[in-house]
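The values are calculated or read from the model by the stated rules, or taken from the named source; none is laboratory data. This structure is a prediction, so every number in the text was calculated from the model and none was measured. Here the Cβ is made from the backbone with ideal geometry for all residues, glycine too, and neighbour counts use every protein chain on show.
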């Protein structure tokens, strides 16, 4: 009995740390974008704040996930990052403006990276590999949705976010007491949260069958970055902002939470087909449905597509990033795409966001069909070769 209790304790600590890390990621992505839209003089500059956060997160994660940071040093860094983040958030809507928000952006990026390091250390403290963090990630998404709540009041939002990062940091400080010494650190560094948010493998784009999954993974970027604007556009159509945020985050994790025991057995072909269908459904809705149902349907369908692509990676090491690779490259890529998205939104508004998602869906479906045709042709060639080989063999006497 005494041996079971510590094991359960470590598992619970890891689950809580994962939930904290995911809630920091999701609340930061949408919360920073919402505050930036309220403070920045243009949409492009608001998206630049989100881009800086993504770039800083990649850089900080490249350092925080190396395994050489001792618990005491990480605890001190958590305190400093939390103070900087909470102070910047509180001051940004009380006269500090964008300079205070820039400070909060950097602090939040470091805080999220440190949370990733806590998750990794707690995972290494377990004797066996833990289960994929679908339940923990879904719990973190629910917390983020509750914290974000109404995006229409930036002053109240900044206060909620400041309180949220303080409470989350205290939890992380408590949880990391079960972390192992850095000398035992090893394992995956290809993405955040000890590869529960992995980077895609190098060369993955060479396989057409992987394109629907890759594009479904990319769909999270324009949707999450535009969620504050989508909430505002839907609010103009009498749709509560809380419902939009909860709908999208629920779509990201709800379906895979229900299917978590089935997705593990899905073949790459079935996973690609599911992602392509979900992306296509979002494109059809956005093209055919009136406002605000077009954007709501898009948020749900493409959120579900991302969830399927994400869950498909968790049980497939071949679909993950290379061992030992740095998250900085992924952060820089996401930051660059966010800046491009900001320019598109500035010039084309909701039409631009919809067009990006329609293009993603169209390319995914075309790639999926091309992969099916190539597979069918390869099968026919194989049948011909087998038939020719059979005819060329002498008959047994």
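Please verify whether region 197-215 includes one or more residues that are surrounded by fewer than 23 Cβ atoms within 10 Å (Cβ to Cβ), touching a helix residue (DSSP H, G or I) at 6+ places or on another chain (Cβ under 7 Å), at pLDDT 80 or above and not in a helix (DSSP H, G or I).
no
Is it fair to say residue 227 is within 16 Å of the chain's Cα centre (by Cα), in a helix (DSSP H, G or I), at pLDDT 80 or above and within 25 Å of residue 35 (Cβ to Cβ)?
Criteria met by residue 227.
Could we say that residue 333 is at pLDDT below 90, within 26 Å of residue 36 (Cα to Cα), within 16 Å of the chain's Cα centre (by Cα) and in a helix (DSSP H, G or I) here?
In short, yes.
What number of residues in region 223-255 are surrounded by fewer than 24 Cβ atoms within 10 Å (Cβ to Cβ) and over 20 Å from residue 150 (Cα atoms)?
Number of matching residues: 2.
Give region 16-43 a look and list any residue that's assigned to a helix (DSSP H, G or I), more than 18 Å from residue 148 (Cα to Cα) and at pLDDT 90 or above, or say none.
Scanning region 16-43 gives 16, 17, 18.
Could you tell me whether any residue of region 102-109 is in a loop (DSSP other than H, G, I, E, B) and within 19 Å of the chain's Cα centre (by Cα)?
Checked against the condition, which is being in a loop (DSSP other than H, G, I, E, B) and within 19 Å of the chain's Cα centre (by Cα), region 102-109 yields no hits at all.
With respect to residue 135, determine if the residue is under 19 Å from the mean Cα position of the chain (by Cα), outside any loop (DSSP other than H, G, I, E, B) and within 23 Å of residue 12 (Cα to Cα).
So residue 135 fits the description; yes.
Consider residue 396 carefully, then state whether it is within 26 Å of residue 258 (Cβ to Cβ), modelled with pLDDT under 80 and surrounded by fewer than 14 Cβ atoms within 10 Å (Cβ to Cβ).
no
Somewhere in region 31-39, is a residue over 21 Å from residue 133 (Cα atoms), out of contact with any helix residue (DSSP H, G or I) (no Cβ under 6 Å at 6 or more places or on another chain) and surrounded by fewer than 24 Cβ atoms within 10 Å (Cβ to Cβ)?
No, that holds for no residue.
What do you reckon, is residue 146 modelled with pLDDT under 95, surrounded by fewer than 19 Cβ atoms within 10 Å (Cβ to Cβ) and assigned to a helix (DSSP H, G or I)?
When the stated conditions are applied, residue 146 passes them.
Please work out which residue is modelled with the highest pLDDT, limiting yourself to region 67-78 and to residues that are over 20 Å from residue 25 (Cβ atoms) and in a helix (DSSP H, G or I).
76
Given the criteria touching a helix residue (DSSP H, G or I) at 6+ places or on another chain (Cβ under 9 Å) and surrounded by fewer than 20 Cβ atoms within 10 Å (Cβ to Cβ), does residue 96 qualify?
Judged against the criteria, residue 96 is a match.
Of the residues that make up region 70-87, is at least one buried (at least 17 other Cβ atoms within 10 Å of the Cβ) and free of Cβ contacts under 8 Å to residues at least 60 places away in the same chain?
Within region 70-87, one or more residues are buried (at least 17 other Cβ atoms within 10 Å of the Cβ) and free of Cβ contacts under 8 Å to residues at least 60 places away in the same chain.
Within region 242-293, take every residue that is part of a loop (DSSP other than H, G, I, E, B) and over 25 Å from residue 350 (Cβ atoms) and give me the one that is modelled with the lowest pLDDT.
264
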